[in-house]
Amino acid sequence: MALSSVLDNIVIVLDSPKNVVNIANVIRVMMNMGLSQLRLVNPEEYDIHRITGIAHRSDELAKSVKVFHSLTDALADTVFAVGTTARPRTAQRNYIRPRSVAPIIIDKATEGPVALVFGREDRGLTNESLDLCHTIAIAPTMTDYPSLNLAQACLVFCYEIYLVAIEEASLPKYKRDVGPATHTDLEEMYTALAQGLQRMDFFKGDRHPEGVLRTLRTLLSRAQPDLREVRLVRAIGFEMQPDSDNQNVS
């Protein structure tokens with residue numbers, strides 16, 4: 001797949017950005033690294049004239065920015081989403097470094113849109129937003145100064161992605177028999193599993209729904225299921241019934 005086609009499938013998503021200057025600086029990073037797809041979720045301000053004044057010659061990219069009311073909507077058509085955070089959270093998740101996640105992003109981008117998600121400048125992504133991502137990436141920094149600013153973090157990831165892209169653009173790719181699962185497909189699968197487990201009265205005792213479902217998300221995200229596999233797991237969720245419903249009535 002051509003280098004430009006792969007990079008065109010990589011989407012930078014800023015969830016609830018506060019400052020238009022930071023948005024402009026991210027756009028400058030994207031232009032440096034050959035990326036052209038930017039999505040904003042509920043930005044506090046978005047002034048295209050200020051952006052083009054800060055990030056010169058960015059008119060084309062700035063005009064193509066898409067704004068969404070929720071992260072779910074922004075990720076709906078993506079086949080893979082990488083959330084970013086400055087540090088590990090208490091919830092059990094799949095964590096990875098930028099250099100390790102870059103080849104995965106490039107590989108997934110040959111199948112469809114891939115999202116790299118950054119959170120609000122002052123507090124990052126919420127746990128609920130991280131739940132929507134397949135894996136979570138952390139850029140290593142000095143422990144006394146763990147946080148990068150938004151544009152710095154974006155540059156670290158985009159640089160690693162670009163290096164892999166130019167290395168692998170000319171290599172042949174394995175053609176899968178089925179298409180990739182989108183974010184919407186995955187959320188439908190998780191909903192079916194949650195409803196099936198609820199019908200089975202699985203959530204009892206120490207089995208808290210939020211923790212169980214987050215563990216399932218972590219497990220299934222690590223497996224990177226394709227569309228056929230997602231549909232199979234979703235069907236399993238639909239078929240989950242209490243034992244009494246599966247017994248023959250005499």
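What the table below lists for this structure:
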{"read-out": "Checklist (1) open to solvent by 50 Å² or more (accessible area, probe 1.4 Å); (2) in contact (Cβ under 8 Å) with a residue 12 or more places away in the chain; (3) touching a helix residue (DSSP H, G or I) at 6+ places or on another chain (Cβ under 8 Å) applied to ALA81, failing item", "value": "(1)"}
{"read-out": "Members of the stretch 160-203 that are at pLDDT 90 or above, closer than 23 Å to MET31 by Cβ and surrounded by fewer than 16 Cβ atoms within 10 Å (Cβ to Cβ)", "value": "LEU163"}
{"read-out": "Only listed residue being surrounded by 13 or more Cβ atoms within 10 Å (Cβ to Cβ), at pLDDT 95 or above and either within 18 Å of THR135 (Cβ to Cβ) or not aliphatic (A, V, I, L, M) (or both), chosen from ASN94, ASN25", "value": "ASN25"}
{"read-out": "Residue in the stretch 47-56 that is open to solvent by 20 Å² or more (accessible area, probe 1.4 Å), within 22 Å of GLU168 (Cβ to Cβ) and among the hydroxyl-bearing types (Ser, Thr, Tyr) present", "value": "no"}
{"read-out": "Search result, residues across the stretch 62-82 that are at pLDDT 95 or above and outside any loop (DSSP other than H, G, I, E, B)", "value": "LYS66, VAL67, PHE68, LEU71, THR72, ASP73, ALA74, LEU75, PHE80, ALA81, VAL82"}
{"read-out": "Matching entry among SER147, SER100 (being touching a residue at least 60 places away in the same chain (Cβ under 8 Å), more than 16 Å from VAL11 (Cα to Cα), among the polar types (S, T, N, Q) and open to solvent by 40 Å² or more (accessible area, probe 1.4 Å))", "value": "SER147"}
{"read-out": "Every residue from the stretch 103-123 that is open to solvent by less than 30 Å² (accessible area, probe 1.4 Å), within 27 Å of ASN19 (Cβ to Cβ) and either outside any loop (DSSP other than H, G, I, E, B) or touching a Cys at 6+ places or on another chain (Cβ under 6 Å) (or both)", "value": "ILE105, VAL114, ALA115, LEU116, VAL117, PHE118"}
{"read-out": "Selection count where residues are open to solvent by less than 20 Å² (accessible area, probe 1.4 Å) and of a type in the set (Lys, Arg), scope the stretch 57-72", "value": "0"}
{"read-out": "Every residue from the stretch 127-141 that is touching a residue at least 24 places away in the same chain (Cβ under 8 Å) and more than 11 Å from the chain's Cα centre (by Cα)", "value": "ASN127, ILE138, ALA139, PRO140, THR141"}
{"read-out": "Residue count for the stretch 213-244, restricted to those that are open to solvent by 90 Å² or more (accessible area, probe 1.4 Å) and modelled with pLDDT under 90", "value": "2"}
{"read-out": "Members of the stretch 19-58 found to be over 13 Å from ALA151 (Cα atoms) and among the basic types (Lys, Arg), listed by number", "value": "ARG39, ARG50, ARG57"}
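The values are calculated or read from the model by the stated rules, or taken from the named source; none is laboratory data. The structure displayed is predicted, hence computed values, not measured ones. When we count neighbours, we look across all protein chains shown, and the Cβ atoms used for this are built from the backbone with ideal geometry, even at glycine. Accessible surface areas use protein heavy atoms only, side chains included; no ligands, DNA or RNA. Shrake-Rupley method; radii C 1.70, N 1.55, O 1.52, S 1.80 Å.
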